[in-house]
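Colleague: Here you go, one structure.
The values are calculated or read from the model by the stated rules, or taken from the named source; none is laboratory data. Please read these numbers as outputs of a predicted model, since none were measured by experiment. With ideal geometry, Cβ positions are generated from the backbone for all residues, glycine too; neighbour counts draw on all protein chains shown. The accessibility values were calculated without ligands, DNA or RNA, using every heavy atom of the protein model including side chains. Shrake-Rupley method; radii C 1.70, N 1.55, O 1.52, S 1.80 Å.
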Amino acid sequence: MSGRTYLGMPAFPQAARAATKDARLRANLRRATHTIRDKRARAVGELDDWALLREAGRRIKDHTLRHLDTYLIQLEERVTAAGGTVHWAADAAEANRIVAELVRATGESEVVKVKSMATQEIGLNEALAAEGITAYETDLAELIVQLGDDLPSHILVPAIHRNREEIRAIFAAKMAEWGRPAPEGLTDRPADLAEAARLHLREKFLRAKVAVSGANFMIAETGTLVVVESEGNGRMCLTLPETLISVVGIEKILPTWQDLEVFLQLLPRSSTAERMNPYTTMWTGTTPGDGPRDFHLVLLDNGRTDTLADEVGRQVLRCIRCSACLNVCPVYERAGGHAYGSPYPGPIGAVLTPQLRGTTSEVDASLPFASSLCGACYEVCPVAIDIPEVLVHLREQVAAQPGHGAERAAMRGATWLFDHPAALAAAERAASATRALHPRTLPFGPAKAWTDSRDLPQLPAEPFRTWWKQHRTTRQEPTP
Ligand code: SF4
């Protein structure tokens, strides 16, 4: 049982180049993203007040982030008063260490998991494996990814890059290694695949003493955690085991239950295109005789407070991981999720990952450029994150780093030219006069990659200034 990680993955352009050559991957992605995006549009179109809900979501999140310290302290007090234990983790290593120690303290060597982006972000499964603890994913798509020794490629549908035939082959070949084997003669009918997963997972739910989850929301006023899901596996994990450990990013907090009402409308319509999600599990600390006897909440920073300090970039902390931006993104549709080199793919990954991890590595520095800036992601985002604005902001940061001297020199040259109209006019005249000699692509140099994928526009025979000088005196004024 190995575990693939995103470590050492190539920068976005190389990874995307390989992905775009995979015809089956592109077909799987196109079919799935178009289906989900159309359903989402219909679900959102049913509500006359969607724009108001979206604005309410944006304002609630901005208010909460502005007073994050206050609400986090309030949450800690309420969770503790309700019988839970709160742990603070500054980074991935600390969070993984806390969870591993908590599991070891129970004497168990297995945990069941509810789908959780935060635990993927910190590489919890691999960290637990290094401690001799096996983590079993119980979400159907995460199970497919785990059995296939694969990586998630979508926030909502982690196995979106797989079709039914591939899933059947994975189940038939790998289920026996992890527990109950797939039934003999398994077909690729969705009902048969779901039944195989159900049987395989049931023995794990009934055996598990420890569960690990994330949470979609945390309500500060009562210390309540909320998980929304579609399959019921989360309900099993959150209620059957004796110990529950939830790893949650600090930005997932909401002040009140009234605030939750807004998000329970925004999230399902934006993610699964449902009016409401099938399972909503909420718990507050522990209750004798009902659910886990021991509850631990690990509050994860891992780059979030640094992100909060950035006036433009902080808006990404509003994200509720609905994945609507992925499903409308022309770049994601062609490159797939693995090209983004992190558990957060698509437009949100391009702005979140470089802020959580920094832009010093080649892969993280490439992410803000993994976009055409078409703006479709902003249009569908239920909390109005202006992803194109953050992308441009991050591009400026990357360009200011060492190793981008050519871009900086080009921008300085352009600034000087636009500041000197006489020089600009002379340059325009010279460019027009030599237009026949201009290459359409550049054979080498820093701009080669740029011209490889774009057509240089043909320059006009005369610059606009020359044309304007000749025509402005002869322009006819309209008759009053
Ligand atoms: S950025 Fe917006 S659209 Fe994308 S996952 Fe987050 S909330 Fe959803």
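Colleague: Of the numbered conditions (1) open to solvent by 10 Å² or more (accessible area, probe 1.4 Å); (2) in contact with a strand residue (DSSP E or B) (Cβ under 8 Å, 6 or more places away or on another chain); (3) within 16 Å of the ligand (Cβ to nearest atom), R304 satisfies every one except a single condition; which is it?
Modeller: (1)
Colleague: I need the full set of residues from the stretch 253-273 which are open to solvent by less than 20 Å² (accessible area, probe 1.4 Å) and of a type in the set (S, T, N, Q), in order please.
Modeller: Hits for the stretch 253-273 are S270, S271.
Colleague: Being within 16 Å of the ligand (Cβ to nearest atom) and either open to solvent by 40 Å² or more (accessible area, probe 1.4 Å) or without any contact (Cβ under 8 Å) to a residue 24 or more places away in the chain (or both) is the filter here; which residues of the stretch 274-297 pass it?
Modeller: Hit for the stretch 274-297 is E274, nothing else.
Colleague: Condition check: of a type outside the set (D, E, K, R) and exposed (fewer than 14 other Cβ atoms within 10 Å of the Cβ). Does A93 satisfy that?
Modeller: Spelling it out, A93 is indeed of a type outside the set (D, E, K, R) and exposed (fewer than 14 other Cβ atoms within 10 Å of the Cβ).
Colleague: Go through the residues of the stretch 318-330 one by one and say whether even a single one is more than 13 Å from the ligand (Cβ to nearest atom), open to solvent by 40 Å² or more (accessible area, probe 1.4 Å) and not assigned by TED's automatic domain parsing to the domain that holds A100.
Modeller: yes
Colleague: Only one of R59, R31, R17, R54 is in a helix (DSSP H, G or I), open to solvent by 30 Å² or more (accessible area, probe 1.4 Å), in contact (Cβ under 8 Å) with a residue 12 or more places away in the chain and not aliphatic (A, V, I, L, M); which?
Modeller: Answer to the selection: R54.
Colleague: Follow-up question, since we're still on this one. So, of the residues in the stretch 97-111 that are in a helix (DSSP H, G or I) and not charged (D, E, K, R), which turns out to be most open to solvent (accessible area, probe 1.4 Å)?
Modeller: Result: A105.
Colleague: Helices (runs of 4 or more DSSP H) wholly in the stretch 367-451 with at least 2 residues that are modelled with pLDDT of 95 or more and within 16 Å of the ligand (Cβ to nearest atom) - which ones?
Modeller: Hits in the stretch 367-451: 376-380, 387-399.
Colleague: For the structure I just gave you, tell me whether V312 is β-branched (V, I, T) and over 24 Å from A370 (Cα atoms).
Modeller: Judged against the criteria, V312 is not a match.
Colleague: Let me ask something additional. Return yes when P241 is in contact with a strand residue (DSSP E or B) (Cβ under 8 Å, 6 or more places away or on another chain), away from the ligand (no atom under 16 Å from the Cβ) and open to solvent by less than 10 Å² (accessible area, probe 1.4 Å) and no when it is not.
Modeller: yes
Colleague: Tally the residues that are of a type in the set (A, V, I, L, M, F, W, C) and out of contact with any Lys or Arg (no Cβ under 9 Å at 6 or more places or on another chain), restricting the search to the stretch 13-52.
Modeller: Looking only at that region, the number is 10.
Colleague: How many of the residues making up the stretch 341-362 are open to solvent by less than 20 Å² (accessible area, probe 1.4 Å) and more than 13 Å from the ligand (Cβ to nearest atom)?
Modeller: 4
Colleague: Kindly list the number of the only condition in (1) free of Cβ contacts under 8 Å to residues at least 40 places away in the same chain; (2) in contact with a Ser or Thr (Cβ under 6 Å, 6 or more places away or on another chain) that fails for Q458.
Modeller: In the conditions (1) free of Cβ contacts under 8 Å to residues at least 40 places away in the same chain; (2) in contact with a Ser or Thr (Cβ under 6 Å, 6 or more places away or on another chain), Q458 misses (2) alone.
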